[in-house]
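What follows is calculated from the coordinates using simple rules that are stated; it is not laboratory data. The structure presented is a predicted model; accordingly, all values stated were derived computationally and were not measured. Neighbour counts are summed over all protein chains in view; Cβ atoms, including those assigned to glycine, are modelled from backbone coordinates with ideal geometry.
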């Protein structure tokens, strides 16, 4: 006996994210009815890569042709577009509008809900390159879903059709969710940039630094995958080498600016991981004291003198 019919999908936006999702869903058997974009050529290219999909002139035409519409546009455009769309839910026709942003509130889609459509968020935790390989590489990644239970079930099935894991996000928490995700993306790059800046004082250029440290970063990621965060921890904190840590902190303090404060704050997070080991390093308290002492010296210098 055949299962329930799959919803007709539509895409407003035809960039890297939309291309990966639309082609991936189509391969999983979902019908993609229509796509629109600011660039008619972009919409046409995506439509040509999909069976029975039409490139249409505007966003409303996507809504009219589809049951579930993905809004894959820049954050600043989400509310504006949602406010312009009209949904027809007469005669039992279902309708849903879903954005793909990690940061924008789902409530930005509230005008669609006023027309009877369900609204939600579908945020892949993935860096889209725009290459065809994205469609295979996204498998194993996570998709964060925020929606009512009925739409959430539909979105979860879509995520799993791509081979993705599903995370469910409670309402009103997108700023913390999206901000914390930067620690695994942009902030990892910021850490590498800090290493480049410090190693430059030793005579190494950026290319040399990245050539040396990127394999270490890749190894750390694999170790975390295999052993968890505490098990992957390395360096003086993992070894309990309080003397080396104290000398490192002192060395960073000689650089001025915020180098020592940043190093001490990140080391404090490493100490939290070390405390989760069984047993934790015997010198954990001594290392904690060294970090606190360095912060007491370096943070006032970063903040500068207080204004009268």
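The C-alpha atoms of the chain define a longest principal axis, and helix 242-253 lies at about 80 degrees to it. Largest GNM mean-square fluctuation among 215, 170, 51, using the chain with Cα springs under 10 Å: 215.
Suppose only helical runs count, i.e. DSSP H with n ≥ 4. What mean residue ellipticity at 222 nm does that imply for the chain under -39500 (n - 2.57) per run, divided by all residues and rounded to the nearest 500 deg cm²/dmol?
Working: 14 runs with 163 residues, N = 308.
Counting only the DSSP helices, I get -16500 deg cm²/dmol.
Normalised Debye scattering of the chain at q = 0.07, 0.08 Å⁻¹ gives log10 I(q)/I(0) of -0.40, -0.51, counting only Cα atoms as equal scatterers and leaving out solvent. If both residues of a DSSP beta bridge must be in the chain, then about 20% of such bridges are antiparallel. Using only Cα atoms and rounding to the nearest 10 degrees, what angle (0 to 90) does helix 284-303 make with the longest principal axis of the chain? The answer is roughly 80 degrees.
Which value does Rg/Rh take for segment 183-308 over its C-alpha atoms, Rh per Kirkwood? Kindly include the intermediate steps, with their values, before the conclusion.
On the way: Rg = 15.5 Å, Rh = 15.8 Å.
Using only Cα positions, Rg/Rh for segment 183-308 is 0.99.
Show me, bin by bin at 10 Å from 0, the whole-percent P(r) of segment 52-156 based on Cα pairs. Reading upward from the zero bin: 14, 44, 35, 7, 0. The order of 161, 52, 101, going from fewest to most other C-beta atoms within 10 Å of their C-beta, is 52, 161, 101. Within the listed set 117, 195, 33, the Gaussian network model of the chain (springs between alpha-carbon atoms below 10 Å) gives the highest mean-square fluctuation for 195. Available extension along the chain between residue 272 and residue 114 is 52.2 nm, counting 0.36 nm per residue and deducting the alpha carbon span. Note on residue 40 and residue 301: their simple-model spin labels are 6.2 nm apart, each label 7 Å out from Cα toward Cβ. Note on residue 222 and residue 262: their simple-model spin labels are 2.8 nm apart, each label 7 Å out from Cα toward Cβ. What share of the DSSP beta bridges in segment 9-173 is antiparallel, in percent to the nearest 5? Beta bridges within segment 9-173, antiparallel portion: roughly 20 percent. Treating r as the C-beta distance of residue 192 and residue 5 and R0 as 35 Å, the FRET efficiency rounds to 0.15. By the beta-carbon count within 10 Å of each Cβ, the least crowded to most crowded order of 135, 78, fewest first, is 135, 78.
Rounded to the nearest 10 degrees, the inclination of helix 186-200 to the longest alpha-carbon principal axis of the chain is 40 degrees. Quick check on segment 205-265: take the gyration tensor over C-alpha atoms, sort the square-rooted eigenvalues as a ≥ b ≥ c, and tell me if it's rounded (a/c under 1.5), prolate or oblate. Verdict is oblate for segment 205-265.
Would you mind getting me the FRET efficiency between residue 285 and residue 205? Use the beta-carbon distance for r and R0 = 35 Å, nearest 0.05.
Working: r = 40 Å, r/R0 = 1.13.
Working from the Cβ atoms, E equals 0.30.
Using R₀ = 35 Å, calculate the FRET efficiency as 1/(1 + (r/R₀)^6) where r is the Cβ-Cβ separation of residue 136 and residue 293; round to 0.05. After rounding to 0.05, the efficiency reads 0.10. Label point 7 Å out from residue 90 along Cα-to-Cβ: which residues of segment 46-74 have amide N under 16 Å? Residues 64-65 fall inside that zone. Using a Gaussian network model on the chain with a 10 Å cutoff between Cα atoms, which of 29, 203, 102 fluctuates the most? Result: 203 has the largest fluctuation of those listed.
Classify segment 1-126 as rounded, prolate or oblate from the Cα gyration tensor: take a ≥ b ≥ c as the square roots of its eigenvalues, call it rounded if a/c is under 1.5, otherwise prolate when a/b beats b/c and oblate if not. Spell out each step's value before the answer.
Details: a/c = 1.36, a/b = 1.07, b/c = 1.28.
Verdict is rounded for segment 1-126.
For segment 122-191, just say rounded, prolate or oblate: build the C-alpha gyration tensor, square-root its eigenvalues into a ≥ b ≥ c, call rounded for a/c under 1.5, and beyond that prolate if a/b exceeds b/c, oblate if not. Walk me through the numbers on the way to the answer.
Numbers: a/c = 2.92, a/b = 1.15, b/c = 2.54.
Since a/c reaches 1.5 but b/c is at least a/b, the shape of segment 122-191 is classed as oblate.
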